[in-house]
1. When you scan the stretch 47-90, how many residues do you find that are among the aliphatic types (A, V, I, L, M) and touching a Phe, Trp or Tyr at 6+ places or on another chain (Cβ under 6 Å)?
2. I'd like the residue in the stretch 159-172 that is of a type outside the set (A, V, I, L, M, F, W, C) and part of a helix (DSSP H, G or I) and, out of all such residues, is surrounded by the most Cβ atoms within 10 Å (Cβ to Cβ).
3. Among the residues of the stretch 145-156, write down those that are surrounded by 18 or more Cβ atoms within 10 Å (Cβ to Cβ) and modelled with pLDDT of 95 or more.
4. Which ranges mark the helices (runs of 4 or more DSSP H) fully within the stretch 173-241 that have 2 or more residues being over 23 Å from Ala109 (Cβ atoms) and at pLDDT 95 or above?
5. Among the acidic types (Asp, Glu), over 22 Å from Gln80 (Cα atoms) and modelled with pLDDT under 80: does that describe Glu54?
6. Here are some residues: Leu119, Leu105, Leu110. Which one is buried (at least 16 other Cβ atoms within 10 Å of the Cβ), within 28 Å of Ala150 (Cβ to Cβ) and aliphatic (A, V, I, L, M)?
7. Looking at (1) out of contact with any Asp or Glu (no Cβ under 8 Å at 6 or more places or on another chain); (2) assigned to a loop (DSSP other than H, G, I, E, B), find the lone condition where Ala145 falls short.
8. Condition first: farther than 19 Å from Thr139 by Cα, outside the structural domain of Thr139 (by TED's automatic domain parsing) and either surrounded by 14 or more Cβ atoms within 10 Å (Cβ to Cβ) or modelled with pLDDT of 90 or more (or both). Can you find one or more residues in the stretch 33-45 that meet it?
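The values are calculated or read from the model by the stated rules, or taken from the named source; none is laboratory data. Since the structure is predicted, the reported quantities are computational estimates derived from the model, not experimental observations. Cβ coordinates were reconstructed from backbone atoms using ideal geometry, including for glycine residues, and neighbour counts include every protein chain displayed.
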Amino acid sequence: LLEKSISRRRDTEAIQKAKILYSSCMNEKAIEKADAKPLLHILRHSPFRWPVLESNIGPEGVWSERKFSLLQTLATFRGQYSNSVFIRLYVSSDDKMSNEHILKLDQAALSLAVREDYLDNSTEAKSYRDALYKFMVDTAVLLGANSSRAEHDMKSVLRLEIKIAEIMIPHENRTSEAMYNKMNISQLSAMIPQFDWLSYIKKVIDVRLYPELKDIGPSENVVVRVPQYFKDLFRILGSER
């Protein structure tokens, strides 16, 4: 179906888009010609500048700690690319009032599939960590990073992921009662003041899907599923800067 030419008369809009996406993925010549240019273009944008690349992709791609905004980077990853980094924000039914929907905040996944892959000392888990480290270094070098700098920086990245894995709530402790922590955004901000929760939620939430959240304010209720994780997360991130 996807390999057939587009028919604007017979194909629905969804099928037309699927065919266009499939065609773009299968156009190997165009992909090879583009090489890393699309990714490098993104990495020159302020929220995505990568320190390991230094000035190797041009002065406009140089990362600046003074100009870096964690909130803007996390919100752009989530809002533009549907990629939850550190924080998973979504809307679903209130567990205790199923006829109502509510914002929920949870821990986000890391690079490896499960938390134990970072913490176990088994040969298998170590091989996963080694493979992740090699992948990160190789990617940085392919994008123009100095190999020594890439090896140094990616060791730091892996150490950070291990620290975050240590504070993640394991599956056996994620009971419905333990994870139902309802509060408003103002209370959340008082509990974890290192992060502008209201601004993050406003930037991330799709008001086309949830028009009732267009004018969201500090009194809006949220279910914080892992409050201790968020407390520990921003303590760790604060110590890393």
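1. Restricting attention to the stretch 47-90, the residues satisfying the condition of being among the aliphatic types (A, V, I, L, M) are 52-53, 57, 62, 70-71, 74-75, 85, 87, 89.
Pick out the ones that are also touching a Phe, Trp or Tyr at 6+ places or on another chain (Cβ under 6 Å) and you get 71, 75, 85.
The qualifying residues number 3.
2. Glu161
3. Ala150, Asp153, Met154
4. Ranges flagged: 185-191, 197-204.
5. In short, no.
6. Sole residue among the options that is buried (at least 16 other Cβ atoms within 10 Å of the Cβ), within 28 Å of Ala150 (Cβ to Cβ) and aliphatic (A, V, I, L, M): Leu110.
7. Every listed condition holds for Ala145 apart from (1).
8. no
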